[in-house]
Amino acid sequence: MVRLTVNGERHELDLDPRTTLLDALRDHLGLTGAKKGCDHGQCGACTVHVDGRRVLSCLALAVAQQGREVMTIEGLALGVHLHPLQLAFIECDALQCGFCTAGQIMSAAALLGEVEHRRELSDASIRERMSGNLCRCGAYPNILAAIRRVRT
Amino acid sequence: MSTTSPRIGGFADRIDARSKVTGQARYAADVVLPGLAHAALVGSTIASGRVLGVDTARAEQAGGVLLVLTHLNRGPLGDLPNGDGDGLTADPRPPLADDRVHYRGQIVAMVVAESPEEAAHAASLVDVRYEPAPFVVDIDDADATRLADAPRRGDCAAALRAAPVTLDVVYSTPIQHPCPLEPHAAVAHWVDHDLVVHDTTQWVRGDQAVLARAFGLPRERVRVHAPFVGGSFGAKVFTAAHVLLAAVAARRLQRPVKAVLRSSEVLTAVGPRAATRQRIQLAAERDGRLLALRHHTRSHCATDRGVADLDPFYEPTSGVTRMLYACPHYEAVHDVVPLHLAKPGWMRAPGEATGLWALEGALDELACALHLDPLALRLRNHSSRDAHTGKPHASEHLRECYEQGAERFGWARRDLRPRSMRDGDAWLGWGMATATYPGNRDPASVSVRLDRERGRIHATVSTAGADLGTGMYTMLAVVVADALDLPLEWITVELGDTRLPPCPVTGGSNLTASTAPAARAACVQLRRRLLAFRRAPDESADWHELLSRAGLDQVEAVGTTDAVHDDARAHHSFGAVFVEVRVAPELGRIRVTRVVGVYDVGQVVDATTTRSQLIGGIVFGIGQALLEQLVHDPMHGLPVHADLAGYLLPTHADVPEIDVDWLEDVPDLAFNTIGCRGVGEIGITGVAPAIASAVHHAIGVRLRDLPLTPDRLLAALADASARPERAK
Amino acid sequence: MRPFTYVEGVSVADAAAAVHATPAAMFLAGGTTVVDLMKLGVLAPDTLVDVHRLPLGDIELDDRRARIGACVRNAQLAEHPEIRARWPVVGEALQSGMSPQLRNMSTVAGNVLQRTRCPYYRDPHSACNKRVPGSGCAARTGWDRDAAVLGTSPRCIAVFPSDLATALAILDAIIYTRRGDGGARRLPFDGFHRLPGDTPERETILDHGELVTHFELPDLALARRSHYFKVRDRASYDFALAAAAVALDVERGLVRDARIALGGVATRPWRCSAAEQSLRGKRAEPAAFRAAADLALADAVAGAHNGFKIELARHVITRALTELAIRPG
């Protein structure tokens, strides 16, 4: 049995040791917000938080995450109240097909924590810090605008 | 949120955005059904030859394995509707049709198991023995066949001989891939002998037609769902092999089966944009007026022409070169080169994105040769009609795009000379190009239903077409909100389901022009029906009241659009794109630092999603220009780096500030009742040549082969003949 | 992915012994290399011994050195203020590689032990001596645009991809290990990675079951003036086409000491000792840097498509040293 804590809830799952955190979330817990794009750590669509840090769930074995706090896009909003980034993504149209969006938002949410104490955060710095999240639709300028909106 | 109704042309929030930012939008691979089994594919490891035998014993004995399909046990599939407009398969023949291998990565077996982990492992245990045959995967290394279609006007050869100025250059593009971030996925299951498929498709009805033929069913017994599609850009038009095989396996096992491609499989087995080699010959007067244009394209196609010996699919590069500029003498010839690769397909602006790379690049060279401003050269050759058919454009405002784009960019300050702008140890350069894409429209039906619901009205808009991220949901909601004066929150849009009113493939930037007028037509019918229940012509009763007076809980109308049949006028969108690059020549480094694009796309329906589509197209163009190429090892036939660490898509850091705008009040009312043309593709057009022109302006080096990678830039610099004169 | 047994390591000695005892066992730390390659079928361990919870996750500093646990996350190392101040090349190298997510997952030891990105290594059906000894090298006759120009052998031209390792190569780093039989070793970084030679499958001098436990960076005056410069196709999230880690000790315009290592162009972290030597006593100017760069690439051998890397690496060294020389402080 693998014990996982996801979005504050504890789960005991009967998992194959080969099961990645991404597959455990999607196939075993019904949390399909995190997406399987490349499945090799090359696109960022599967980004979730583990113990508050952004990671790629496709390269993390579920069995190795026991005792850690996992947070997915489904756990980001407080009930019906969306996270400021989720609102900003809507307002700035920071998405098109939506497939990378959960990863972008989880990555951006972690980024804001990583730079909390910095007074200045340049556009170039945001772009660099978000470069692990590919968006084939090319919503990048709007994603940048959404992150800036939450920062200020 | 506002409760006022949005108007056509205004900025609405994307109505499906909330479901996407919360992770609730369900894509095909998210579908979980009771008893779901999982498939994994086995791809050929040779590029050409025959399968001598498949040993499935080890795979079948592996844990959890339910079924191994090969060409020996796949069972019959009906003839597929290949080559006609009613559905298309990715390969020219059904999957696992026989023992022949036409490209590396072609599916030769599929394993189905209880879990995805078990399926993937068992797939690695399938032992396929091959008899390899010679193959060729290099477009420069194979014989070509000339296509019969060779448009011409005037006498190109004579004009080229006699002209005062001529130019003869070859531009190339590599194999590039639409590479949507969502890999292709299908969940197939059979419900009382009916087939239900959740698919990643641009065309639920195409899928339906293919599957119905394959399984010998009437169309209505096949249902295809695609409410959300994670990007496509041309990659999901065809019904892919794994969809058919998932349905075969689901029927065999009497269980739902999910097949999801790995990204390496998407890159190898889903048709890319063909490689091209394009020779452009120009003849001009000394003032820059074009006299002749000859466009000779080589592009690759599949070696396999399929069971019905189909015509090869080719990248239609000359569609744009024949129509764009005034030029009395024109000729295009196209050679296709069969290669042992997956059949090429459509990728965003097929033909335009490649054809303009060559034509706009050559025009920039002509401008340099004549010491003309590149924009002045375009204006000199501007045509207010389709230069080939002679039909006048119904609505054409390209000059205003040039003018406004130049103004926003600051083009007037440009020094003609290369190496005229330095910033630290980098050179800056400015380039521009024309953008264009045809107005396409296809037959579509949209239903609009009004329901009385808890004291208020609710509208439901339905059509079978899919929203690939394009903004279809929002666009249709805006049309209905505008026509019926409803707030967006009172409108639901249903898409991506074969049970909904018929809609064409989401492709060729056609869906807005096809469905928006249909939605409006449905609203007009509803208005007419309900307004009959007013007591006086000026009475301001709302829809809820009128519906209740009519004694109805619900009223529905279906609007339709037909295909374009305009013998008198041409319909095209246009634009002008301006680019600034920063080049560090000794590091081979080119970065785009600024883009301005101004477009004439007719009447914009929803400004928010239009802006996003245009920006997204430009980002696609940056990838096309600087990064993207799918290389095949000519010795081994291997697609090299067929993953997202090797097929390089632009990252956040590759994309600068992008300033897009469009002309207001330029509806193309001869095209449809709203005057709109699609915006999905025009954004990519012109971007790559504008970037290459900017590189030339920066450092005086002409690059004619995409993508403009560091190795290419360094090689061009090292080439003595390309070595630029140093700026004084 | 082949089925395997997952074992959580309870102690360093125990984990090393567990892998040592099982021929097809491997250590698992961040997973960003191992899980990736297991999915591709390139690695197929039957046992994974997870070491990421072992007490190897701390960075200890004093005046003489930094002691960095093998399981310190790359992000943690990259952001450490004192590491950034005393060994800036380390943070710069880390920031130029991977993505924030990967830096959060992957460990310092995993970074230094990461596998090549050679496409023929990553494709289990291609000939590759590194993956299957004796099977040949498809890269030599195939697409070698990204392959190495330094340190190659007839059997292998695969680039070693780690940015961090390139930085460590100029810092006199020491690697500490625990062996499966209970012994321990102290290994100079220089010499830790092997040239491919006839045995490209052996990438380091570690034995089976030998676990890296710590890295030591001795305090080095010139490391305070060190720099990493990298050229890649993409603006971010991409492996190096060529990269240089450099350090300079300059007094009154003259180079007293210099360090140079190349990444992205060689089969292992590539220290350029002759180039370093040539700079001593020279004026810290581009002309001297260019001459040193020429020396660094003197033995480079190109294949069909990677010749540009030689010229590029020269410019990268020159650029890195020039930027460093004009850096204030």
Could you check, for region C:1-12, whether at least one of its residues is surrounded by fewer than 18 Cβ atoms within 10 Å (Cβ to Cβ) and more than 25 Å from residue A:21 (Cβ to Cβ)? yes
Identify, please: which residue in region C:226-256 is away from every other protein chain (no Cβ under 12 Å) and at positive phi and is, among those, most open to solvent (accessible area, probe 1.4 Å)? C:252
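Search region B:542-592 for residues being over 19 Å from residue B:364 (Cβ atoms) and among the β-branched types (Val, Ile, Thr), and hand back the single one that is farthest from the other protein chains (Cβ to nearest Cβ).
Kept after step one, since they are over 19 Å from residue B:364 (Cβ atoms), are these residues of region B:542-592: B:542-573, B:584, B:586-589, B:591.
Then keep just the ones that are among the β-branched types (Val, Ile, Thr); that gives B:555, B:558, B:560-561, B:564.
On the way: B:555: 31, B:558: 28, B:560: 28, B:561: 24, B:564: 26 Å.
If we take residues in region B:542-592 being over 19 Å from residue B:364 (Cβ atoms) and among the β-branched types (Val, Ile, Thr), then B:555 is farthest from the other protein chains (Cβ to nearest Cβ).
So, of the residues in region B:501-531 that are among the small types (Gly, Ala, Ser) and modelled with pLDDT of 95 or more, which turns out to be most open to solvent (accessible area, probe 1.4 Å)? Please lay out each step first, then the result.
First, the residues of region B:501-531 that are among the small types (Gly, Ala, Ser): B:507-509, B:513-514, B:516, B:518-519, B:521-522.
Filter once more, keeping what is modelled with pLDDT of 95 or more: B:513-514, B:516, B:518-519, B:521-522.
On the way: B:513: 0, B:514: 0, B:516: 0, B:518: 0, B:519: 0, B:521: 34, B:522: 0 Å².
Across region B:501-531, the extreme among qualifying residues is B:521.
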So, first residue free of Cβ contacts under 8 Å to residues at least 12 places away in the same chain in region B:465-489, second residue surrounded by fewer than 24 Cβ atoms within 10 Å (Cβ to Cβ), Cβ within less than 7 Å, six or more apart or across chains; the pairs are none
Given (1) charged (D, E, K, R); (2) touching a residue at least 24 places away in the same chain (Cβ under 8 Å); (3) more than 30 Å from residue B:386 (Cβ to Cβ); (4) open to solvent by less than 80 Å² (accessible area, probe 1.4 Å), number of the condition residue B:539 does not satisfy: (2)
Test each condition in (1) in contact with a Ser or Thr (Cβ under 8 Å, 6 or more places away or on another chain); (2) at pLDDT 95 or above for residue B:376 and report the one that comes out false. (1)
Going through (1) over 20 Å from the mean Cα position of the chain (by Cα); (2) open to solvent by 10 Å² or more (accessible area, probe 1.4 Å); (3) touching a residue at least 60 places away in the same chain (Cβ under 8 Å) one by one, residue B:626 fails only at (1)
So which residues in region A:1-52 are over 17 Å from residue B:185 (Cβ atoms), in a loop (DSSP other than H, G, I, E, B) and among the small types (Gly, Ala, Ser)? A:8, A:41, A:44, A:52
Kindly provide the set of residues from region C:1-17 that are more than 14 Å from chain A (Cβ to nearest Cβ), touching a residue at least 40 places away in the same chain (Cβ under 8 Å) and part of a helix (DSSP H, G or I), ordered by number. C:12, C:13, C:16, C:17
Those residues of region B:224-267 which are assigned to a helix (DSSP H, G or I), open to solvent by 20 Å² or more (accessible area, probe 1.4 Å) and either within 14 Å of chain A (Cβ to nearest Cβ) or closer than 22 Å to residue B:493 by Cβ (or both) amount to B:264, B:265
Give the residue, chosen from A:33, A:75, A:67, that is open to solvent by 10 Å² or more (accessible area, probe 1.4 Å) and within 11 Å of chain B (Cβ to nearest Cβ). A:75
Tally the residues that are at pLDDT 95 or above, among the aliphatic types (A, V, I, L, M) and farther than 19 Å from residue B:30 by Cα, restricting the search to region B:192-209. 0
If residue B:28 passes every condition in (1) buried (at least 22 other Cβ atoms within 10 Å of the Cβ); (2) within 30 Å of residue B:99 (Cα to Cα); (3) hydrophobic (A, V, I, L, M, F, W, C) but one, which one does it miss? (2)
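Let's see how each residue does on (1) farther than 24 Å from residue B:707 by Cα; (2) outside the structural domain of residue B:508 (by TED's automatic domain parsing); (3) open to solvent by 30 Å² or more (accessible area, probe 1.4 Å):
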site	(1), (2), (3)
B:308	yes, yes, yes
B:311	yes, yes, yes
B:320	no, yes, no
B:328	yes, yes, yes
B:386	yes, yes, no
B:391	yes, yes, yes
B:400	yes, yes, yes
Given (1) open to solvent by less than 10 Å² (accessible area, probe 1.4 Å); (2) not in a strand (DSSP E or B), number of the condition residue B:457 does not satisfy: (2)
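Residue C:265 - would you say it is of a type in the set (Val, Ile, Thr) and in contact with a helix residue (DSSP H, G or I) (Cβ under 8 Å, 6 or more places away or on another chain)? Outline the logic, then answer.
Working: of a type in the set (Val, Ile, Thr): yes; in contact with a helix residue (DSSP H, G or I) (Cβ under 8 Å, 6 or more places away or on another chain): yes.
Spelling it out, residue C:265 is indeed of a type in the set (Val, Ile, Thr) and in contact with a helix residue (DSSP H, G or I) (Cβ under 8 Å, 6 or more places away or on another chain).
Against the definition (crowded, with 21+ Cβ neighbours inside 10 Å and in contact with a Ser or Thr (Cβ under 7 Å, 6 or more places away or on another chain)), how does residue B:641 come out, yes or no?
Working: crowded, with 21+ Cβ neighbours inside 10 Å: yes; in contact with a Ser or Thr (Cβ under 7 Å, 6 or more places away or on another chain): no.
In short, no.
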Taking only pairs six or more apart or across chains, which ones have beta-carbon atoms under 9 Å, a first residue in region B:145-157 that is polar (S, T, N, Q), and a second residue that is open to solvent by 40 Å² or more (accessible area, probe 1.4 Å) and not in a loop (DSSP other than H, G, I, E, B)? B:145/B:338
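Give me a count of the residues in region A:132-152 that are within 11 Å of chain C (Cβ to nearest Cβ) and either over 23 Å from residue B:229 (Cα atoms) or in a helix (DSSP H, G or I) (or both).
Of region A:132-152, the ones within 11 Å of chain C (Cβ to nearest Cβ) are A:132-134.
Filter once more, keeping what is either over 23 Å from residue B:229 (Cα atoms) or in a helix (DSSP H, G or I) (or both): none.
Of the residues in that region, 0 qualify.
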Specify the residue that is farthest from the other protein chains (Cβ to nearest Cβ); the eligible residues are those in region B:117-131 that are closer than 25 Å to residue B:271 by Cα and open to solvent by 30 Å² or more (accessible area, probe 1.4 Å). B:131
Keeping to region C:230-256, report how many residues are in a strand (DSSP E or B), within 20 Å of the chain's Cα centre (by Cα) and more than 24 Å from residue C:65 (Cα to Cα). 4
Checking the structure you have, find out if any residue of region A:37-46 is open to solvent by 10 Å² or more (accessible area, probe 1.4 Å), more than 30 Å from residue B:475 (Cβ to Cβ), more than 8 Å from chain B (Cβ to nearest Cβ) and out of contact with any Gly (no Cβ under 6 Å at 6 or more places or on another chain). no
Out of the residues in region A:78-99 that are part of a helix (DSSP H, G or I) and either within 15 Å of residue A:32 (Cβ to Cβ) or not aliphatic (A, V, I, L, M) (or both), state the one that is farthest from the other protein chains (Cβ to nearest Cβ). A:84
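Which count do you get for residues in region B:61-92 that are free of Cβ contacts under 8 Å to residues at least 60 places away in the same chain and either outside any loop (DSSP other than H, G, I, E, B) or open to solvent by 60 Å² or more (accessible area, probe 1.4 Å) (or both)? Give the steps one after another, and end with the answer.
Step one: filter region B:61-92 for residues free of Cβ contacts under 8 Å to residues at least 60 places away in the same chain, giving B:61, B:63-65, B:68, B:70-73, B:76, B:84-85.
With the extra rule that they be either outside any loop (DSSP other than H, G, I, E, B) or open to solvent by 60 Å² or more (accessible area, probe 1.4 Å) (or both), the set shrinks to B:61, B:65, B:68, B:70, B:72, B:76, B:84-85.
So the count comes out to 8.
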Against the conditions (1) at pLDDT below 95; (2) buried (at least 16 other Cβ atoms within 10 Å of the Cβ), where does residue B:423 fall short? Just the number, please. (2)
Selection within region B:100-135 - in contact with an Asp or Glu (Cβ under 9 Å, 6 or more places away or on another chain), over 19 Å from residue C:125 (Cα atoms) and part of a loop (DSSP other than H, G, I, E, B): B:115
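The values are calculated or read from the model by the stated rules, or taken from the named source; none is laboratory data. Quick caveat, the model's predicted, so the values are computed rather than measured. We place every Cβ from the backbone using ideal geometry, glycine too, and count neighbours over all the protein chains shown. Surface areas here come from the heavy atoms of the whole protein model, side chains and all, with no ligands, DNA or RNA. Shrake-Rupley method; radii C 1.70, N 1.55, O 1.52, S 1.80 Å.
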